[in-house]
Amino acid sequence: MASLLTHSLFFIFTLITTSIHSINGAFAKQYLTEAKQMKRTEKMSHLHFYFHDILSGKKPSAVKIIESPLKAKGLTGFGVTFMVDDALTEKAEPTSKIVGRAQGIYSLASQSKTDVALLMVMNFVFIEGKYNGSTISILGRNPVLENVREMPLVGGTGLFRFARGYALVNTIHFDVKTGDAIVEYNVYVLHY
């Protein structure tokens with residue numbers, strides 16, 4: 001009886017393993033074939049757009065999700081975190097054509113009152129033109145009081161697979177009362 005049970009379990013295990021390998025094999029073959037067909041020449045692309053961070057109004061694109069425990073003590077806003085789904089536009093005007101969305105979070109990462117810096121964790125999702133459906137990912141320090149900031153581009157999807165590069169960023173409008181901002185991005189991205 002034990003022998004029959006052992007053989008039955010072995011048979012079932014073999015069937016399951018074979019099925020999983022067949023599924024994974026088909027998946028791998030599809031993507032390996034696609035990868036072989038890709039031209040493997042690396043190129044540099046320059047992307048230029050505007051980031052609209054809106055904290056005010058009836059439909060803000062950035063909302064505070066974590067308040068700083070230090071704020072109540074009159075200290076810095078260290079730790080304040082916002083979740084965003086900001087429009088990326090062709091021009092600085094808010095009514096300009098939307099070419100993508102900035103989706104992610106940013107947090108006040110500096111305890112200094114004179115060196116205000118954010119930690120940016122963002123995916124830029126493109127919805128227009130040849131980059132439609134592709135994304136780039138930014139992860140880095142944004143010292144917001146500097147005129148021009150540089151942040152690293154650490155990856156991407158779609159046409160930006162294996163992407164790397166950097167973004168040069170400058171604030172062109174900031175409303176002190178509302179916190180609303182328009183930020184210009186010049187992104188230089190190496191990709192295949």
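The condition of being within 14 Å of the chain's Cα centre (by Cα) and under 27 Å from Pro69 (Cβ atoms) holds for only one of Gly165, Gly104, that being Gly104. Select from the range 140-192 the residues that are open to solvent by less than 10 Å² (accessible area, probe 1.4 Å) and either in contact with a helix residue (DSSP H, G or I) (Cβ under 6 Å, 6 or more places away or on another chain) or β-branched (Val, Ile, Thr) (or both) and list them in ascending order. Within the range 140-192, Val169, Val187, Val189, His191 meet the criteria.
Every test in (1) in contact (Cβ under 8 Å) with a residue 60 or more places away in the chain; (2) under 19 Å from the mean Cα position of the chain (by Cα) is passed by Ala92 save one, and that test is (2). What number of residues within the range 25-56 are outside any strand (DSSP E or B) and at pLDDT 95 or above? Going through the range 25-56 one residue at a time, the tally reaches 3. In the range 38-61, the qualifying residues are those that are free of Cβ contacts under 8 Å to residues at least 60 places away in the same chain and surrounded by 13 or more Cβ atoms within 10 Å (Cβ to Cβ), and the one that is farthest from Ala167 (Cα to Cα) is Pro60. Reported count of residues in the range 158-189, each being under 30 Å from Thr41 (Cβ atoms) and touching a residue at least 24 places away in the same chain (Cβ under 8 Å), is 16. Count of the range 163-192 residues, restricted to those that are farther than 21 Å from Pro94 by Cβ and at pLDDT 95 or above, is 9. Per the listing Thr76, Thr89, the residue uniquely modelled with pLDDT under 85, within 19 Å of Gly179 (Cβ to Cβ) and open to solvent by less than 80 Å² (accessible area, probe 1.4 Å) is Thr76. Do you know which residues across the range 66-121 are of a type in the set (A, V, I, L, M) and not in a strand (DSSP E or B)? Hits for the range 66-121 are Leu70, Ala72, Leu75, Val80, Ala92, Ala109, Val116, Ala117. Counting the residues of the range 122-148 that are in contact (Cβ under 8 Å) with a residue 24 or more places away in the chain, not polar (S, T, N, Q) and not in a loop (DSSP other than H, G, I, E, B) gives 10.
The values are calculated or read from the model by the stated rules, or taken from the named source; none is laboratory data. None of the values given here were measured: they were computed from a predicted structure. Using ideal geometry, Cβ is built from the backbone for each residue, glycine included, and neighbour counts are taken over all protein chains shown. Areas reflect the complete protein model, heavy atoms only, side chains present, ligands, DNA and RNA absent. Shrake-Rupley method; radii C 1.70, N 1.55, O 1.52, S 1.80 Å.
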